[in-house]
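Chemist: Below is one structure. I have some questions about it.
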Amino acid sequence: WSAVWDRSPIYELKVIALGGMTSKRLMPYWLEHPDRLFQVAAEIDNWALSDSLSDALAALLERAPAHLSTFQRWNGSKNPWLRRQSIVGLY
């Protein structure tokens, strides 16, 4: 799913890839490799993808609260989508 996300400029494929990447069965992977989710967050550029990713980031934060510092850093970002993640990802 990560390769599809990286290579496709097509919105619909990115939606499918993000859905696959953020499935609950992959949470053990994200707990070990959260930086990939954080990288995806920096590439978000619309509401639908942002909200889909927020669900996964919220689940990650519930299981690994040490990542709260990333959310705090995003809150001061010039990137409006990262600022949105810093708030919506807390829900």
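The values are calculated or read from the model by the stated rules, or taken from the named source; none is laboratory data. Model, not experiment: these values are computed from the prediction. Here Cβ is always computed from backbone atoms with ideal geometry, including for glycine, and neighbour counts include all displayed protein chains. The area values use the complete protein model at the heavy-atom level, side chains included, leaving out ligands, DNA and RNA. Shrake-Rupley method; radii C 1.70, N 1.55, O 1.52, S 1.80 Å.
Chemist: Does segment 20-54 hold any residues that are without any contact (Cβ under 8 Å) to a residue 24 or more places away in the chain and either of a type in the set (Gly, Ala, Ser) or open to solvent by less than 30 Å² (accessible area, probe 1.4 Å) (or both), and which are they?
Modeler: Residues satisfying the conditions are GLY20, SER23, LEU37.
Chemist: Restricting the search to segment 40-85, which residues are modelled with pLDDT under 95 and of a type in the set (Ser, Thr, Tyr)?
Modeler: Within segment 40-85, SER50, SER52, SER54 qualify.
Chemist: Please verify whether segment 57-65 includes one or more residues that are open to solvent by 10 Å² or more (accessible area, probe 1.4 Å) and within 19 Å of SER2 (Cβ to Cβ).
Modeler: Yes - at least one qualifying residue is present in segment 57-65.
Chemist: Okay, moving on. Are any residues in segment 2-19 farther than 15 Å from ALA41 by Cα and either open to solvent by less than 40 Å² (accessible area, probe 1.4 Å) or hydrophobic (A, V, I, L, M, F, W, C) (or both), and if so, which ones?
Modeler: If the condition is that a residue be farther than 15 Å from ALA41 by Cα and either open to solvent by less than 40 Å² (accessible area, probe 1.4 Å) or hydrophobic (A, V, I, L, M, F, W, C) (or both), then ALA3, VAL4, SER8, ILE10, LEU13, ILE16 are the ones that fit.
Chemist: Here's something else I'd like to know. If a residue counts only when it is among the acidic types (Asp, Glu), which helices (runs of 4 or more DSSP H) contained entirely in the chain have at least 1 such residues?
Modeler: 2-7, 11-21, 27-32, 34-43, 47-63
Chemist: Same structure, new question: Of the conditions (1) more than 8 Å from the chain's Cα centre (by Cα); (2) among the small types (Gly, Ala, Ser); (3) within 22 Å of ILE87 (Cβ to Cβ), SER23 fails just one. Which one is it?
Modeler: Every condition holds for SER23 apart from (3).
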